[in-house]
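Asker: Dropping a structure here in structure tokens format, bear with me for questions.
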Amino acid sequence: MNNLFRPAITAFTLALLLFTATASANMYRYTDENGQVVISNTIPQAASRRGYDILNKTGRVVETVDPAPTAEEIAAREAKKRDEESQAQQLELDRKLLERFSHPDEAVRAMYRKIRELRGLSQLKRGNISVIENQLDTEQGRAADRERSGRAIPDATLNKIRRLESSIREIEREIGSQQAEIDGVKRQFVEDIDRLEAVTGESRTLPLEVPPEER
């Protein structure tokens, strides 16, 4: 007798399990492309992008999924994030700037010192050029004397003249690079000075042009 009822019991148990699973499964409430509210145990992909509610078996909302952001919304969020990062970076730069200078005039004086230092190096290089030019004049004069007397100019003299000329060109390039560095330093200091005026609310009282050093 038990064997006769076993298939029926098995079928009833399976049906009960299926009913329980269906009854306990969540449902979805969404709006279709026609604007109609739909409740279903499945949700189309297009509808899921518009946002939907997840309902329990009693029809209560257990979770709300927001609509997928549009391209414009994504772009706006990214722009806002970039702005926030930029503002945070500027705040950090301002903090470091205020650690160095408490007033725009302090930055102006620091600029004077740096530019005078670089100009001093350039002046030393110009002095070196003057020394080399004197040596060059001497060697060229000796070479000219030998030519006038019909004698050949030694290779050593010609090589020395070329080395001296090359040294002058190299130092002139260094002076040109140093001038570019001076211009860059001044631009950076002017930016810092302008920012200090904005951050501190104080105006500089010193000129940006470096005055002659007091003797």
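The values are calculated or read from the model by the stated rules, or taken from the named source; none is laboratory data. What you see is a predicted model, and the numbers here were worked out from it, not measured in a lab. FYI the Cβ positions are ideal-geometry reconstructions off the backbone, even for glycines, and counts take in every protein chain you see.
Asker: Could you list all residues from region 41-68 that are free of Cβ contacts under 8 Å to residues at least 12 places away in the same chain and loosely packed, with under 10 Cβ neighbours inside 10 Å?
Answerer: Listed by number, the residues that qualify are GLN45, THR58, ARG60.
Asker: Cβ-Cβ below 7 Å, separation at least six or inter-chain, first residue in region 101-115 and touching a residue at least 24 places away in the same chain (Cβ under 8 Å), second part of a loop (DSSP other than H, G, I, E, B) and of a type in the set (S, T, N, Q): which pairs?
Answerer: PRO104/SER203; ASP105/THR205
Asker: I'm trying to understand the selection: among the residues of region 15-53, which are modelled with pLDDT of 85 or more and assigned to a loop (DSSP other than H, G, I, E, B)?
Answerer: If the condition is that a residue be modelled with pLDDT of 85 or more and assigned to a loop (DSSP other than H, G, I, E, B), then ASP32, GLU33, ASN34, GLY35, GLN36, ASN41, THR42, ILE43, PRO44, ARG50, GLY51 are the ones that fit.
Asker: Tell me yes or no: at least one residue of region 74-82 is β-branched (Val, Ile, Thr) and either part of a strand (DSSP E or B) or at positive phi (or both).
Answerer: No; the residues of region 74-82 include none that is β-branched (Val, Ile, Thr) and either part of a strand (DSSP E or B) or at positive phi (or both).
Asker: Let me ask something additional. Looking at (1) aliphatic (A, V, I, L, M); (2) touching an Asp or Glu at 6+ places or on another chain (Cβ under 6 Å); (3) in a loop (DSSP other than H, G, I, E, B), which one does ALA107 not meet, given that it meets all the others?
Answerer: The single condition ALA107 does not satisfy is (3).
Asker: Output the number of the condition that LEU97 fails; it satisfies all remaining conditions of (1) surrounded by 10 or more Cβ atoms within 10 Å (Cβ to Cβ); (2) under 27 Å from the mean Cα position of the chain (by Cα); (3) modelled with pLDDT under 90.
Answerer: (3)
Asker: Only one residue in ILE129, ILE153 is among the β-branched types (Val, Ile, Thr), without any contact (Cβ under 8 Å) to a residue 40 or more places away in the chain and farther than 30 Å from GLN90 by Cβ, so which one is that?
Answerer: Just one listed residue meets the conditions, ILE153.
Asker: Can you tell me which condition SER166 does not meet? The list is (1) farther than 30 Å from PRO207 by Cα; (2) modelled with pLDDT under 95, and all the others hold.
Answerer: So SER166 meets the others, but not (2).
Asker: Take the residues in region 178-205 that are of a type in the set (S, T, N, Q) and over 15 Å from ILE115 (Cβ atoms), then tell me which one is surrounded by the fewest Cβ atoms within 10 Å (Cβ to Cβ).
Answerer: For region 178-205, the residue satisfying everything is THR205.
Asker: Going through region 185-208 one residue at a time, which ones are part of a helix (DSSP H, G or I) and either more than 18 Å from LEU93 (Cβ to Cβ) or hydroxyl-bearing (Ser, Thr, Tyr) (or both)?
Answerer: Hits for region 185-208 are LYS186, THR200.
Asker: I'm trying to understand the selection: among the residues of region 134-184, which are assigned to a helix (DSSP H, G or I) and among the basic types (Lys, Arg)?
Answerer: ARG142, ARG146, ARG148, LYS160, ARG162, ARG163, ARG169, ARG173
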